[in-house]
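For reference, the structure discussed in these notes is given below.
The values are calculated or read from the model by the stated rules, or taken from the named source; none is laboratory data. Just so we're clear, the structure is a prediction, and the values are computed from it rather than from any experiment. Counting neighbours? That spans all protein chains shown, and the Cβs are built from the backbone with ideal geometry, glycine included. The area values use the complete protein model at the heavy-atom level, side chains included, leaving out ligands, DNA and RNA. Shrake-Rupley method; radii C 1.70, N 1.55, O 1.52, S 1.80 Å.
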Amino acid sequence: MTVPAAKFEHVVKDYRLGPLGVARRRALTDVSLEIPSGQVFGLLGPNRAGKTTLIKILLTLCRADSGRVERLGAPVDDRRTLARVGYVHENHAFPRYLTPAALLEYYGALSLSPYDEVRRRVPELLERVGLADRAHDAIRTFSKGMTQRLGIAQALINDPDLLVLDEPNEGLDLAGRQLMSSIIREQRERGRTIILVSHVLPEVEQLCDRAAVLVGGRLVFGGSMAELRRGPDGQSRSLEAALATIYGASAA
């Protein structure tokens, strides 16, 4: 039996508010979810639905208050599996004095990848994301779109088994978005797992095999894209129409 790429069981997360931390805001309420290996999995929901919090818990950037989380078959506290994860964030904070080549070598070392393997992959990845001619320029000279392309290369430097993409198309032009879609398809064909957090619904429809929908910190749907689009009459509808119905029902 294939081990899920990620597994959440009854996860609860509160954020403490105010200078004393007495008040709390619940970000996740009893979320149970399995993300299968080898698929593109969409994580959908309106703003403040809890999507990024769930990702942060998976990446141990924050801790759940209760519940159990597994990453690549191991408890999420086992940080050894982090070396098998790649992560693209919508707003990168790379050291701006570094060059792309130096940055990728740095992240390769953090992932514990063999040095010779990292050195081989750096020029290949920079070529793949269209930055080969800027390999030795300071990142401070880069536009937002170029920085996002570099973020894609950074996430792939360790050849990850699990690729987590949180709004990866932020700042990308049409060519950049096409590049991102192509890389997602390549990773799926290689048997990798991709978690895609995106508000770009055509992209989600084209790329995702399955999806989960969060609203107000609660899981309100989990299943295939065909199941998500199926209307009450059994007919397939657009993803936009399906989500509008789910959001409306959750708000009622």
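Table for the structure above
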read-out: Residues of the range 2-47 that turn out to be in a loop (DSSP other than H, G, I, E, B) and either open to solvent by 20 Å² or more (accessible area, probe 1.4 Å) or in contact (Cβ under 8 Å) with a residue 40 or more places away in the chain (or both), as a count; value: 15
read-out: Test: residue in the range 168-177 that is surrounded by fewer than 20 Cβ atoms within 10 Å (Cβ to Cβ), among the charged types (D, E, K, R), free of Cβ contacts under 8 Å to residues at least 24 places away in the same chain and outside any loop (DSSP other than H, G, I, E, B); value: no
read-out: Extreme residue, farthest from Pro95 (Cα to Cα), among residues of the range 128-141 that are without any contact (Cβ under 8 Å) to a residue 40 or more places away in the chain and not aliphatic (A, V, I, L, M); value: Asp133
read-out: Some residue of the range 106-120 being farther than 28 Å from Arg185 by Cβ and of a type in the set (A, V, I, L, M, F, W, C); value: yes
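Yes/no matrix, rows are residues, columns are (1) within 29 Å of Asp30 (Cβ to Cβ); (2) more than 19 Å from the chain's Cα centre (by Cα); (3) among the β-branched types (Val, Ile, Thr):
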| position | (1), (2), (3) |
| --- | --- |
| Glu117 | no, yes, no |
| Ala138 | no, yes, no |
| Gln148 | no, no, no |
| Gln154 | no, no, no |
| Asn158 | no, no, no |
| Leu174 | no, yes, no |
| Leu179 | no, no, no |
| Arg190 | no, no, no |
| Leu219 | yes, no, no |
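Conditions (1) hydrophobic (A, V, I, L, M, F, W, C); (2) under 24 Å from Val122 (Cβ atoms); (3) surrounded by fewer than 22 Cβ atoms within 10 Å (Cβ to Cβ); (4) out of contact with any strand residue (DSSP E or B) (no Cβ under 9 Å at 6 or more places or on another chain), marked per residue:
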{"site": "Ser182", "(1), (2), (3), (4)": "no, yes, yes, yes"}
{"site": "Ile195", "(1), (2), (3), (4)": "yes, no, no, no"}
{"site": "Val200", "(1), (2), (3), (4)": "yes, no, yes, yes"}
{"site": "Leu214", "(1), (2), (3), (4)": "yes, no, no, no"}
{"site": "Arg230", "(1), (2), (3), (4)": "no, no, yes, no"}
{"site": "Gly234", "(1), (2), (3), (4)": "no, no, yes, yes"}
{"site": "Ser238", "(1), (2), (3), (4)": "no, no, yes, yes"}
{"site": "Thr245", "(1), (2), (3), (4)": "no, no, yes, yes"}
